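Visitor: Have a look at the structure that comes next, please.
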Protein chains: 2
Amino acid sequence: MSALLPTSAHQPTAEFLARELVEVERIFEAQLASDLPAVNALCRHVERYRGKMLRPTLVLLTGLAVRARQQFEPPVLGREHRVVAAVVEMIHMATLVHDDVLDEADVRRQGATVNRLRGNEMAVMLGDYLISNSFHLCSTLGDPAINLRLGQTTNTLCEGELIQLHHRENASLDEETYFEIVRRKTAVLVGACCRLGATLSGGSPTVIAALDAFGTALGIAFQIQDDLLDLAGRADIVGKSLGRDLEKGKVTLPIIIHLATADLPARRDALAAIERRDAPRLLAQMRGSGSIDAAHQRARALVVDAKRELQGLVPSPARDLLEAMAEAVVERER
Amino acid sequence: MSALLPTSAHQPTAEFLARELVEVERIFEAQLASDLPAVNALCRHVERYRGKMLRPTLVLLTGLAVRARQQFEPPVLGREHRVVAAVVEMIHMATLVHDDVLDEADVRRQGATVNRLRGNEMAVMLGDYLISNSFHLCSTLGDPAINLRLGQTTNTLCEGELIQLHHRENASLDEETYFEIVRRKTAVLVGACCRLGATLSGGSPTVIAALDAFGTALGIAFQIQDDLLDLAGRADIVGKSLGRDLEKGKVTLPIIIHLATADLPARRDALAAIERRDAPRLLAQMRGSGSIDAAHQRARALVVDAKRELQGLVPSPARDLLEAMAEAVVERER
């Protein structure tokens with residue numbers, strides 16, 4: 001992300017953020033420290049899944065942006081920001097562990113998944129342990145409104161996953177349902193990160209709603225990019241098993257666009273490729289028809305929408321960093 | 001349970017309890033009502049798992065017992081008791097759904113399991129949805145202490161499941177570890193039910209601790225009985241797949257007792273039967289050596305311990321019903 005920083009004026013904020021993220025990791029690890037060595041070993045494995053830290057970064061940056069002055073004056077975040085940042089990362093980790101069970105994935109972040117190493121059963125229970133710990137950690141704040149928001153968010157997230165499973169193998173999935181799934185399973189948590197960061201910094205209802213909308217649009221864009229990478233990314237760069245969506249009968253945006261715009265013979269070819277799980281052939285067809293580009297275009301348009309939501313904030317390095325993150329989400333290759 | 005009621009003096013309390021449990025079911029169902037028909041269909045299936053309602057009953061009865069007068073004077077419980085009762089039942093349902101995935105079970109409460117009907121993936125996500133909803137429902141109470149207690153409880157519960165998985169196929173599992181697993185995976189939640197019921201009724205710290213100890217001892221006894229039924233019960237009465245523990249390499253108390261007390265040839269026979277998953281042979285050996293009876297005896301002794309914890313309470317129909325429940329737990333055949 002640092003490569004995207006416009007000027008050195010952002011340097012103090014970026015450094016502050018990096019230090020805060022180290023604290024977030026410490027809170028995360030302390031929460032999962034168990035008196036049971038076997039449990040600790042599993043949690044250390046999951047910590048290796050840690051990647052972009054998108055969700056905690058959004059909690060911290062929205063928290064900073066709401067309190068921002070033109071001049072950077074740390075420290076402006078409280079422990080509650082860091083705790084919420086660790087909580088959302090833990091929820092995200094839980095979804096990764098259970099997604100890998102659902103997807104029968106073998107590789108994540110260049111390493112073996114828990115289900116691959118220790119079996120599905122261990123992965124199911126480990127995911128449960130992470131969910132439980134995320135709620136417990138959140139409860140240590142003693143703020144019922146945050147618990148309630150978190151509970152609503154994870155309810156919606158699970159609903160998104162359940163509808164997605166319900167629509168597996170449904171080649172006539174329409175855009176509306178796709179976006180409903182993505183909003184629930186991915187975007188609502190990203191929106192909640194921004195909402196909670198802003199709320200903890202005492203943002204006005206207008207600012208809180210704008211940042212929630214920013215996160216929601218960003219989350220949808222993020223998921224479209226994820227879906228594109230699963231189809232058209234490079235496994236050595238992405239760092240996880242690719243082509244899983246097609247393998248597991250998940251119909252994603254580029255495929256929906258392709259099927260909706262193809263003429264009859266092209267549509268028949270595409271359905272046959274889906275049927276046979278022939279990813280290279282499907283990909284070639286979609287590149288030819290421009291569906292890959294069209295899906296990418298949709299993601300970029302969402303980033304434009306997202307950035308518009310930031311206009312009500314005081315200009316600040318934190319706001320600039322939020323913009324830079326939004327752009328990075330749809331340009332990333334992993 | 002009603003057959004165990006000593007006199008008709010308990011009738012008003014039993015009827016009050018039955019009405020309260022209907023309200024608990026209503027709260028449970030309202031919490032899971034989704035705008036998504038596919039999600040509702042799954043939740044309706046899970047509601048069919050509802051059985052003894054042991055955990056909600058304990059919340060309500062401990063709540064009653066703490067506030068009890070000699071004379072029954074309803075209504076003495078608040079909405080918060082019913083909400084917590086629904087919460088603990090939802091946590092329990094989540095563990096059933098995920099346990100069935102872990103155990104590859106096909107039948108529960110005489111019906112097909114979610115994993116059998118809709119696949120492991122749907123069962124994993126449905127369990128997550130139940131966990132999330134239980135935390136969300138709990139958060140609606142706006143009482144941080146309850147959220148914190150619940151989070152601690154589910155953390156410990158997951159740890160119990162994780163250690164149990166870790167010890168699968170470990171024929172040299174000792175009693176101490178067995179009881180540590182059972183305390184965590186089963187008894188801590190049952191203890192929390194009693195603690196929360198008492199806390200919500202304004203019990204003194206001494207009474208709260210005694211009722212937690214009552215529930216914990218009861219929970220361990222309950223699990224021993226469950227383990228006995230899995231080995232030596234009748235499938236048509238128990239209503240779920242039996243012999244799963246042996247099948248999945250789970251070593252339970254009667255087996256531990258048998259292996260610890262057998263002479264060398266009998267021990268070799270038993271280990272061979274475990275190795276071959278030969279439940280009838282193992283059972284015959286254990287009946288012969290008295291290990292089944294010995295395990296049952298341990299459960300009865302725990303019920304005696306549990307009942308002793310009730311002595312500090314004012315005598316009341318609710319206290320009598322708690323005693324009757326404790327006895328029923330180790331006499332039940334399902």
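Visitor: Using a 10 Å cut-off around each Cβ of peptide B:90-102, what is the average number of partner chain Cβ atoms that fall inside?
Guide: 2
Visitor: Taking a temperature of 4 °C and a viscosity of 1.567 mPa s, what whole-number D in µm²/s does Stokes-Einstein yield for chain B with Rh from Kirkwood over alpha carbon pairs?
Guide: Translational diffusion coefficient: 63 µm²/s.
Visitor: In angstroms, what radius of gyration and Dmax does the range A:176-286 have, counting Cα atoms only?
Guide: Both quantities, over Cα of the range A:176-286: 17.5, 57 Å.
Visitor: Which value in Å is the Kirkwood Rh of the protein assembly as shown over different Cα pairs?
Guide: 26.7 Å
Visitor: What does the structure give for B:148-154 when I average, per residue, the other chain Cβ atoms found within 10 Å of the residue Cβ?
Guide: Per residue, the average neighbour count from other chains is 5.
Visitor: Moving to a separate point now. Relative contact order of the range A:2-331: what whole-number percent is it, with Cα pairs under 8 angstrom and at least 6 residues apart?
Guide: About 22 percent, as a whole number.
Visitor: Rank A:265, A:12, A:315 by mean-square fluctuation in a GNM of chain A with C-alpha springs under 10 angstrom and give only the top-ranked residue.
Guide: Between A:265, A:12, A:315, it is A:265 that shows the largest mean-square fluctuation.
Visitor: Counting other beta carbons within 10 Å of each Cβ, put A:222, B:179 in order, fewest first.
Guide: Least to most surrounded, the residues fall as B:179, A:222.
Visitor: Right, something else. Got a sec? Charge dipole of the protein assembly as shown, +1 on Cβ for Lys and Arg, -1 for Asp and Glu; which of A:237, A:162, A:315 is way out at the positive end?
Guide: Result: A:315, furthest along the dipole toward the positive end.
Visitor: Related question: For the range A:1-149, report the % of Cα-Cα distances exceeding 20 Å.
Guide: Cα-Cα pairs of the range A:1-149 separated by over 20 Å account for 53 percent.
Visitor: Per residue of A:114-121, count partner chain C-beta atoms within 10 Å of its C-beta, then hand back the mean as an integer.
Guide: 3
Visitor: Hey, any idea what Rg/Rh is for the range A:200-254, computing Rh the Kirkwood way over Cα pairs?
Guide: 1.21
Visitor: Please give me the summed charge of the neighbours of residue B:33: other residues whose Cβ is under 15 Å from its Cβ, Lys and Arg +1, Asp and Glu -1.
Guide: Around residue B:33, the surrounding residues sum to -3.
Visitor: Which of A:309, A:169 has the fewest other C-beta atoms within 10 Å, and how do the rest follow up to the most?
Guide: Ranked by crowding around the Cβ, least crowded first: A:169, A:309.
Where a number appears in this text, it was derived from the coordinates with a stated rule and is not lab data. Just so it is clear, the model here is predicted, and its values are computed rather than measured. Please note: Cβ atoms are built from the backbone with ideal geometry, for glycine as well, and neighbour counts cover all protein chains shown.
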